[in-house]
Amino acid sequence: DTEVTQTPKHLVMGMTNKKSLKCEQHMGHRAMYWYKQKAKKPPELMFVYSYEKLSINESVPSRFSPECPNSSLLNLHLHALQPEDSALYLCASSQEGTDTQYFGPGTRLTVL
Amino acid sequence: RKEVEQDPGPFNVPEGATVAFNCTYSNSASQSFFWYRQDCRKEPKLLMSVYSSGNEDGRFTAQLNRASQYISLLIRDSKLSDSATYLCVVSSYNFNKFYFGSGTKLNVKP
């Protein structure tokens, strides 16, 4: 099973809202990732968790706050977002840093 | 200089054609190489890993040239369903970091 699940599939939020994106994998992978993807662009790395610890933050604004409650779950907390944050947010996992990454279906976020 | 560079295309080819994409990477310490396929408004899906010895999966063949720091993807007998964006992905051994090319768009026409 190479499945990564993400909820919700779609999210519309106002600039003053607080919401969370969720990601789950049961492949025993120890690295998990958040990416942001705008139309016609490749995925852009935001955060990497390795063994439940934040190992990479690609200078992401603090209105995005990641959390890794356990080795299977990854959350992305959103607060006071801007319209330009509208994008597809992808979660991925991999066994080790250099092994194959598997992506979830993404959450399509619209900020009004 | 970008870590990974790809020709964005689009490549417009007829059904049955053979098409090849190349991708160059800048870090000679890169360890793992992949081709992903991404359909419009969907997530990237692994097409194949790329090994030094090359690998083949049906109509798809991937090659790695470490000396010249490029990887290639060859698609034979193109199908309409091959139409997608193909992403070249490279990772380094020391970091949990994957570098994406900009993607190459393929349109297979009837």
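What follows is calculated from the coordinates using simple rules that are stated; it is not laboratory data. Computed from a prediction, not measured in an experiment: that's the story for all the values here. Here the Cβ positions follow ideal geometry from the backbone for every residue, glycine too, while neighbour counts run over all protein chains shown.
Listed conditions (1) in contact (Cβ under 8 Å) with a residue 24 or more places away in the chain; (2) assigned to a strand (DSSP E or B); (3) under 17 Å from B:Asn96 (Cβ atoms) are all met by A:Leu54, apart from (1).
Evaluating A:Ser59 against the criteria (1) assigned to a loop (DSSP other than H, G, I, E, B); (2) hydroxyl-bearing (Ser, Thr, Tyr); (3) surrounded by 14 or more Cβ atoms within 10 Å (Cβ to Cβ) leaves one unmet condition, (3). Flag not set for A:Thr16, criterion: touching a residue at least 40 places away in the same chain (Cβ under 8 Å) and under 25 Å from B:Leu87 (Cβ atoms). The residues on offer are B:Pro10, B:Pro14, and the sole one that is loosely packed, with under 13 Cβ neighbours inside 10 Å and either away from chain A (no Cβ under 12 Å) or closer than 15 Å to B:Cys88 by Cβ (or both) is B:Pro14.
Residues are listed down the side, and each one gets a yes or a no for (1) within 14 Å of chain A (Cβ to nearest Cβ); (2) in contact (Cβ under 8 Å) with a residue 40 or more places away in the chain; (3) surrounded by fewer than 19 Cβ atoms within 10 Å (Cβ to Cβ); (4) small (Gly, Ala, Ser):
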residue: B:Leu73; (1), (2), (3), (4): no, yes, no, no
residue: B:Ser78; (1), (2), (3), (4): no, yes, no, yes
residue: B:Ser91; (1), (2), (3), (4): yes, yes, no, yes
residue: B:Phe100; (1), (2), (3), (4): yes, yes, no, no
residue: B:Leu106; (1), (2), (3), (4): no, yes, no, no
residue: B:Pro110; (1), (2), (3), (4): no, yes, yes, no
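Just a yes or no: is a residue in the stretch B:82-96 out of contact with any Ser or Thr (no Cβ under 8 Å at 6 or more places or on another chain) and β-branched (Val, Ile, Thr)? Scanning the stretch B:82-96, I find at least one residue that is out of contact with any Ser or Thr (no Cβ under 8 Å at 6 or more places or on another chain) and β-branched (Val, Ile, Thr), so the answer is yes.
One residue is enough: does the stretch A:94-107 have a residue meeting the conditions more than 22 Å from B:Leu87 (Cβ to Cβ) and among the acidic types (Asp, Glu)? Write out each step before concluding.
Residues of the stretch A:94-107 more than 22 Å from B:Leu87 (Cβ to Cβ): none.
Within the stretch A:94-107, none of the residues are more than 22 Å from B:Leu87 (Cβ to Cβ) and among the acidic types (Asp, Glu).
In this entry, B:Val4 is excluded by the filter for residues that are farther than 30 Å from A:Asn57 by Cα, in contact (Cβ under 8 Å) with a residue 60 or more places away in the chain and either in contact with a helix residue (DSSP H, G or I) (Cβ under 8 Å, 6 or more places away or on another chain) or not charged (D, E, K, R) (or both).
Highlighted here are the strands (runs of 3 or more DSSP E) found entirely within the stretch B:32-110 that include at least 2 residues which are within 23 Å of A:Lys41 (Cα to Cα) and among the polar types (S, T, N, Q): B:84-92, B:104-109.
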